[in-house]
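Since every read-out is calculated from the coordinates, none of them should be taken as a lab result. What you see is a predicted model, and the numbers here were worked out from it, not measured in a lab. Every residue, glycine as well, gets a Cβ built from its backbone with ideal geometry; the counts of neighbours run over all protein chains shown.
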Amino acid sequence: MTRQHDEVSSSVTWRFPAKHLPRPEVRPLPEAPTSTWRIIGPGVIAAGVGLASGEFILFPYIASQVGLVFVWAAIVGLITQFFLNMEIERYTLATGETALTGFSRFWRHWGLVFAVLAVFANLWPGWATSSATMITYLWGGDVRWITIGLLLAIGLILTLAPVVYVALEKAQMVKVAAVLVLLAVGAVVAISADAWAGVPTIVTDASVPVEPLGLALLMGALAFAGAGGGQNLVQSNWIRDKGFGMGRYVPRIKSPVTGKPEAAPSTGFIFEPTDEHLSRWRGWC
């Protein structure tokens, strides 16, 4: 029996490249939670992070200039990211590894490459500046100093939070709730009947209005529709940090700042494809 178990385990783990990282250990797949509310967190994180310049600034600007002819691009981007995010999350559910760890199995420097790309994508504090600008419309003040204050507040919150994921999840839930209220109010108050009548043009008059707007603006809107880039990859970190699937076995270390246990860098774990485990897997997916 032990020999048969070892043979099954070996047949499962050999698929993982072991040149740069050790192969995962074989462990049982935990049961999926029965309550949907317990697994909603990573989706809220994705929605909260994705609601940024693409939806709030670029696409409204494009629509104000040329109508709804380019909204199709946002739909394509969002649908593509949905399937991409689902596969990223499934990898972590099945292995407990982040997507970056999975990439690093093939080439050890992938983590550095993605880190540099993420820094370049978010190098300029435009998000904080745009938020500070909106604050000045409500209460006045200097955009520069409000921006600095926001960045300092974000840094302190993420550094001092007992568990970083939990702090982000709560903040994003508030943001998503506020956005839903804004959409409901805007749909009734700000959008005219003529604008609603123009919705079919998303399909009938779809185009790429490069000449009036420029290719850079259109591509920027497409790139920032939804999450995008590193924000898609870190979906696997949220799955792992919540302890979902095989992420439950990821070791924890105490934060040097808060003293609370947090997920540590780790190679993953894999389950044997038995009938029981496959039944549990369907519960997770």
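Put a dot 7 Å past the Cα of residue 113, heading toward its Cβ, do the same for residue 90, and the two dots end up 2.3 nm apart. For the pair residue 82 and residue 204, what calculated FRET efficiency results from E = 1/(1 + (r/R0)^6), where r is the Cβ-Cβ distance and R0 = 30 Å, to the nearest 0.05? The formula returns an efficiency of 0.75 here. With a Förster radius of 35 Å applied to the beta-carbon distance between residue 57 and residue 285, the computed FRET efficiency rounds to 0.50. Under a plain spin-label model, where a point goes 7 Å from the Cα along Cα-to-Cβ, how far apart in nm are residue 139 and residue 154? Using points 7 Å along Cα→Cβ, the separation is 1.8 nm.
Subtracting the Cα-Cα distance from 0.36 nm times the residue separation, let me have the gained length for residue 193 to residue 12 in nm, one decimal.
Between residue 193 and residue 12, full extension yields an extra 59.3 nm.
Straightening the chain between residue 223 and residue 131 buys 31.1 nm, computed as 0.36 nm per residue apart minus the Cα-Cα spacing.
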